[in-house]
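Asks: Once you've had a glance at the structure underneath, I'll fire off some questions.
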Amino acid sequence: MSLKSLEFFAGIGLARAGMAKAGIETVWANDYDKHKQEMYKGQFGAGEYVLKDVHDVDPDEVPTADIAWSSSPCTDLSLAGGRIGLRTGRESSAFFGFTKVLEGLGERRPRAVVLENVPGLASSHGGDDLRAAAQTFNELGYSVDVVALDARRWVPQSRQRLFMIGITDPRGEGDLDTNIRPDWVSWLQTEKNLRTHITRLPRPPEPLTFGLSAVVEKLEDDDPSWWDPERTRKFIDSMSPVQRARLDVLQHSDEPVARTAYRRTRQGRPVWEMRSDDISGCLRTARGGSSKQAIAFMGNDQVTVRWMTGREYARLMGAHDYTLTDIRQPQALYGFGDAVAVPVVEWVAKHMVAAQLDASTVKATNYEE
C-alpha cells in the first residue's frame, strides 16, 4: 500500500508530481488560485483540488493521510517582498493557516510534514521565523530536520530552496553534512529548546554546470517570441563592458550557445545582465518585466534574443511532460515560476520522508526527457 499525501498550497501540482515519482499518492490538494487550478486540472484532474484560502479549510473535510506537503507562500520572506516576515506578512503568514488545519486534524494528523520555502526563511528576522516554524511543528508533535537543496543538482536551473521536514517518530543517525546543511540552516540543530533530528542521507548529485542549451525550444524564425532587431540592439547596448565582452566572445564562437539574462537596475538605469554559464537563473513569477528571463542565442557571428517559453519553464522545473494545451503563456510562466522543482521533491520525499516512515517500496527514478 502506497503512502498518501495532502498537498497544501498545491499551485500547479509539481509537489504532487515529485511525490508520485517517489511512490506517494496525493489524495487531497488545496490552493486559492483558480488559474493554477486550471493548469492542475489539465495535468491531474481536479477531483481532489479544494479551491479556497487555507484559513477557510475545515479540518473535518480533509482526508486522513501519512504526509502533508506545504510549499507555502514565500513573497514576504524574499528581498522582493521586503522581508516582512512569516508572522506579519500577508501571504507568508498562510503557514499558520496550514498548521491550524494540522492542529484541527487531531489524532488524524499526518506522521510527516514538509515545509518548502526560500532560503530567506532561515535569516528572516534574525532567524526567528525559521525558529518559529520549527517550534510550531514541535508543538504539533513533530521533530524537525532542515536542509538546503539547489534544483541545479538535477536540472539546469539555479534554484536554492529550504526544506523543513517534521516527523512524529524520527530516526536520526545522520551528520551535519555542509553539502546540504550549510551553517545558515544547520544552526537550528543546535537550538536546545527545539526537538530536532538529523536524517541519514545519501549524497545528492553534484550541481550541473551545463544543460540549458539542450532544453531550449527550437522555434521558427517568425515566432512572436523573438525580439525584433531594434529591441535586440537595445539589449546589447545596455550591457556593461564586462557583459558585452562575454557576449562578443560567444557571438563569434563556432558552436551556437544559449544564455539567460535578467534586466536589472544599476545606478538608476535598466541594464541586461547575462549569465556566464549554460544554466538558467532562478525562474520567477512573471509579474513584471524585471522578473522575466530572456534567452540570448549566440554563435556564428549572430545574436538573437527572445523571452523564455512556458515549455522551457516546464523542462527547467523537471516537468517535461506537463500538459500546456490551451494554457496562455503568462499563465504558464506564473505557474511554474511559483512552484517547486519536481526532482527535488522526489529526492526529499524518498530520502527524508518515505525512508523515515519505513516505506521500503520506494524506488529511484531516472530523469530523462
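The values are calculated or read from the model by the stated rules, or taken from the named source; none is laboratory data. Every value quoted in this text rests on a predicted model; they were computed, and no experiment measured them. Neighbour counts are summed over all protein chains in view; Cβ atoms, including those assigned to glycine, are modelled from backbone coordinates with ideal geometry. Side chains included, ligands, DNA and RNA excluded: accessible areas come from the protein's heavy atoms. Shrake-Rupley method; radii C 1.70, N 1.55, O 1.52, S 1.80 Å.
Asks: Of all residues in the stretch 263-285, how many are within 19 Å of Val242 (Cβ to Cβ), open to solvent by less than 70 Å² (accessible area, probe 1.4 Å) and touching a Gly at 6+ places or on another chain (Cβ under 9 Å)?
Replies: Number of matching residues: 3.
Asks: Tally up the residues in the stretch 44-72 that are in contact (Cβ under 8 Å) with a residue 24 or more places away in the chain and either touching a helix residue (DSSP H, G or I) at 6+ places or on another chain (Cβ under 6 Å) or open to solvent by less than 50 Å² (accessible area, probe 1.4 Å) (or both), please.
Replies: 16
Asks: Do you know which of the residues in the stretch 297-315 that are part of a helix (DSSP H, G or I) and of a type outside the set (Ser, Thr, Tyr) is surrounded by the fewest Cβ atoms within 10 Å (Cβ to Cβ)?
Replies: Once the filter is applied, the top-ranked residue is Arg311.
Asks: So in the stretch 286-296, with the set limited to residues that are of a type in the set (A, V, I, L, M) and either surrounded by 22 or more Cβ atoms within 10 Å (Cβ to Cβ) or not in a strand (DSSP E or B) (or both), which one is modelled with the lowest pLDDT?
Replies: Taking the candidates together, the pick is Ala286.
Yes or no, residue by residue, for (1) polar (S, T, N, Q); (2) open to solvent by less than 50 Å² (accessible area, probe 1.4 Å); (3) closer than 30 Å to Arg263 by Cβ:
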residue	(1), (2), (3)
Pro170	no, yes, no
Asn179	yes, yes, no
Thr199	yes, yes, no
Glu230	no, no, yes
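Asks: Residue by residue through the stretch 316-333, note down the ones that are touching a residue at least 40 places away in the same chain (Cβ under 8 Å), surrounded by fewer than 24 Cβ atoms within 10 Å (Cβ to Cβ) and assigned to a helix (DSSP H, G or I).
Replies: Hits for the stretch 316-333 are Pro330, Gln331, Ala332.
Asks: Could you tell me whether any residue of the stretch 182-201 is more than 28 Å from the chain's Cα centre (by Cα), at pLDDT below 95 and either of a type outside the set (Gly, Ala, Ser) or within 20 Å of Phe297 (Cβ to Cβ) (or both)?
Replies: Scanning the stretch 182-201, I find at least one residue that is more than 28 Å from the chain's Cα centre (by Cα), at pLDDT below 95 and either of a type outside the set (Gly, Ala, Ser) or within 20 Å of Phe297 (Cβ to Cβ) (or both), so the answer is yes.
Asks: Collect the residues in the stretch 310-354 that are on the phi > 0 side of the Ramachandran plot and among the small types (Gly, Ala, Ser), keeping them in residue-number order.
Replies: Within the stretch 310-354, Gly318 is the sole residue that qualifies.
Asks: Further, regarding this structure: In the stretch 335-350, which residues are at pLDDT 95 or above and open to solvent by 40 Å² or more (accessible area, probe 1.4 Å)?
Replies: Of everything in the stretch 335-350, just one residue is at pLDDT 95 or above and open to solvent by 40 Å² or more (accessible area, probe 1.4 Å), namely Lys350.
Asks: For Glu116, state whether it is more than 22 Å from the chain's Cα centre (by Cα) and not aromatic (Phe, Trp, Tyr).
Replies: No: the conditions fail for Glu116.
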